[in-house]
1. How large is the Rg to Rh ratio of the chain when both quantities use alpha carbon positions and Rh follows Kirkwood?
2. How much area per residue is accessible in the range 199-269 when the probe is 1.4 Å and only protein heavy atoms are counted (Å²)?
3. With the contact rule set at Cα under 8 Å and sequence spacing of 6 or more, what percent relative contact order holds for the chain?
4. Can you grab the distance from the C-alpha centre of the range 236-311 to the C-alpha centre of the range 70-102, Å, no decimals?
5. Can you give the accessible area per residue of the range 87-135, in Å², using a 1.4 Å probe?
6. Obtain the nm distance between the two label points defined at L108 and K165 by a simple spin-label model: each point lies 7 Å from its Cα along the Cα-to-C-beta direction.
7. With no solvent and one point on each alpha carbon, what is the Debye value of log10 I(q)/I(0) for the range 222-277 at q = 0.13, 0.24, 0.26, 0.30 Å⁻¹?
8. For the chain, with a Gaussian network of springs between Cα atoms less than 10 Å apart, report the residue from E139, E111, E205 with the top mean-square fluctuation.
Amino acid sequence: MPTTVCVACGADQGVGARFDQRNHFIRTCERCGTGETVPKPDPAALEAQYSEAYYGPDNVKFVPAVEAFVAWMTRNRSARVHALMGMRGRILEIGCGRGLLLHQLAQLGHECHGIERSALAARRAARTEGLRIYTQSLEECHFPEQYFDAVIFWHVLEHLDHPEKSLALMSRVLKPGSLLYLEVPNLTSLQSCTTGKNWFHLDLEHHLYHFAPDGLHRLLASSGFRVEKTTTLSLEQGPYGALQSWLNSIGPERGLLYRILKREISPPLSATFGQLILAGVLATPALFFSLIEAAMGRGGVLRVVARSSQK
């Protein structure tokens, strides 16, 4: 396989298999740690997977208790974005899914725009009054320069064919000094390094790129952004990421609990109860593990607050 150029730092990448999973592996840049899935998932297969099974029937993705937790975390995230902006403004979310975050931001008085690749999710998001939802690619939307006051990439950058081009375009459509709020899985997390191919956030069938702190910072800088803050702490993603990674390592099937919580499958009651009991035993250790790894700067995600530096 020929050498390629790292999307984040431009260094040559050799061939190095890491986290082999279902006939895919990650080729990692030795300079900045950015990973690329090889071979790339088939685009048609990717589109087919963003269906009702992915987003849930009737716009409800999880069982009620988890759905309530997601709603609470989404309200907290919207309040954080609102505070970071310091004013009401025009917001774009790339990969807005069901439109939950944009709905909360619209309630706070913002003008909300969203891009969503799944026609199903886009239709559901468009049901929310006041949201402007687009199903075209980012490039095809032709937004004016310096049009937005904030752009959000929430567990989306790793899905994009050309993250460097998308970020460079976003720096142009953002007003100078405006907000970029971004979160991606952290390839250098303790979760990742200790559970390997069983890591919950390792999804080589959907994720085209895999980010480490140095590589992500380089990518943002070269795309016209100034990083203000990076954290690896997430109470939404960290504890469950550790829990599901451990279950993947010891359980009969990868992602079994997650698929149950998403209502994708209905296994025998004995299997469901077995997963719930084991999750209850591991929940507290997973919480403490996620707090410890975040304190070390190696939590399960990379959450970045950045500002457009384009004039």
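1. Values: Rg = 19.0 Å, Rh = 20.1 Å.
Radius of gyration over Kirkwood radius for the chain works out to 0.95.
2. Result: 41 Å² per residue.
3. Computed over the chain, the figure is 19 percent.
4. With the range 236-311 and the range 70-102 each reduced to a Cα centre, they are spaced 23 Å.
5. Ligands and nucleic acids excluded, the result is 43 Å² per residue.
6. Spacing of the two 7 Å Cα→Cβ label points: 3.2 nm.
7. -0.47, -0.98, -1.09, -1.26
8. So, out of E139, E111, E205, the one fluctuating most is E139.
The values are calculated or read from the model by the stated rules, or taken from the named source; none is laboratory data. Not measured: the values here are computed from a predicted model. Here the Cβ is made from the backbone with ideal geometry for all residues, glycine too, and neighbour counts use every protein chain on show. Please note that ligands, DNA and RNA were not included when accessible areas were found on the heavy atoms of the full protein model with its side chains. Shrake-Rupley method; radii C 1.70, N 1.55, O 1.52, S 1.80 Å.
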